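Encoded as structure tokens, the structure appears first; notes follow it.
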Amino acid sequence: MKMTIDGWGNNLRFSSAHFIPELGKCSRLHGHDYAVSIELEGDVKDGILVDYGDVKKIVRNILEPYDHRVLIPTRKTRSVVEVKSDQVIVEYSGKKMSFFKDDVCFIDADISSSENLASLIASQLKNELNVYENLKTLSLTVFEGPSQGSSFQVNLK
Ligand SMILES: [Zn+2]
């Protein structure tokens, strides 16, 4: 059995600022409205796969730290990140930007692409869904705006 939860329709959304060094106009600081849709597959137990409400609550908790923040990649392959007391200083391509630490969400990736966000959020959700023994696979899509997104699939067992 498969279950689908649409991120736009269920308010599984976040808005963030980000930049992607060395990628044309994406290298400038800009923002997106993101939505996270998921598909779960597994065995039905007592007539249900999993409670929609429980899954949405888990996803919203995962997304909360991303919302209304600047996404800062911490793998310093394309940008240099330095934390000085309450400031986060980012340097790439001759640019230097400084953000208040509470306004930042650190991302364990080299760039904050929707592909990397899908992979990161899917692994966070996988950890939370381990308690559901009947679930087998998770497919998660991070939409960057309403019509384009990146999907990542992961086995839950
Ligand atoms: Zn972008």
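Kindly indicate which of 139, 151 is away from the ligand (no atom under 12 Å from the Cβ), in contact (Cβ under 8 Å) with a residue 60 or more places away in the chain and either among the acidic types (Asp, Glu) or part of a strand (DSSP E or B) (or both). Give the steps one after another, and end with the answer.
On the way: 151 fails: in contact (Cβ under 8 Å) with a residue 60 or more places away in the chain.
It is 139.
Say whether the condition of being free of Cβ contacts under 8 Å to residues at least 24 places away in the same chain, open to solvent by 30 Å² or more (accessible area, probe 1.4 Å), more than 16 Å from the ligand (Cβ to nearest atom) and not aliphatic (A, V, I, L, M) is met by at least one residue in segment 118-126.
No, the conditions are met nowhere in segment 118-126.
Among the residues of segment 19-31, is there at least one that is assigned to a strand (DSSP E or B) and surrounded by fewer than 20 Cβ atoms within 10 Å (Cβ to Cβ)? Walk me through it before giving the result.
As a first pass, look at segment 19-31 and keep what is assigned to a strand (DSSP E or B): 30-31.
Those still in the list that are surrounded by fewer than 20 Cβ atoms within 10 Å (Cβ to Cβ) too: 30-31.
Within segment 19-31 (the criterion being assigned to a strand (DSSP E or B) and surrounded by fewer than 20 Cβ atoms within 10 Å (Cβ to Cβ)), the answer is yes, since at least one residue qualifies.
What is the number of the single condition among (1) within 14 Å of the ligand (Cβ to nearest atom); (2) closer than 30 Å to residue 134 by Cβ; (3) touching a Ser or Thr at 6+ places or on another chain (Cβ under 7 Å) that residue 20 does not meet?
(2)
Name the residue, out of 36, 44, that is more than 21 Å from residue 119 (Cα to Cα) and either touching a residue at least 40 places away in the same chain (Cβ under 8 Å) or surrounded by 13 or more Cβ atoms within 10 Å (Cβ to Cβ) (or both). Steps first, please.
Numbers: 36 fails: more than 21 Å from residue 119 (Cα to Cα).
44 is the lone residue from the list that is more than 21 Å from residue 119 (Cα to Cα) and either touching a residue at least 40 places away in the same chain (Cβ under 8 Å) or surrounded by 13 or more Cβ atoms within 10 Å (Cβ to Cβ) (or both).
The values are calculated or read from the model by the stated rules, or taken from the named source; none is laboratory data. None of these values were measured; they are calculated from a predicted model. Here Cβ is always computed from backbone atoms with ideal geometry, including for glycine, and neighbour counts include all displayed protein chains. For the accessible areas, the whole protein counts, side chains as well, though only heavy atoms, and no ligand, DNA or RNA atoms are used. Shrake-Rupley method; radii C 1.70, N 1.55, O 1.52, S 1.80 Å.
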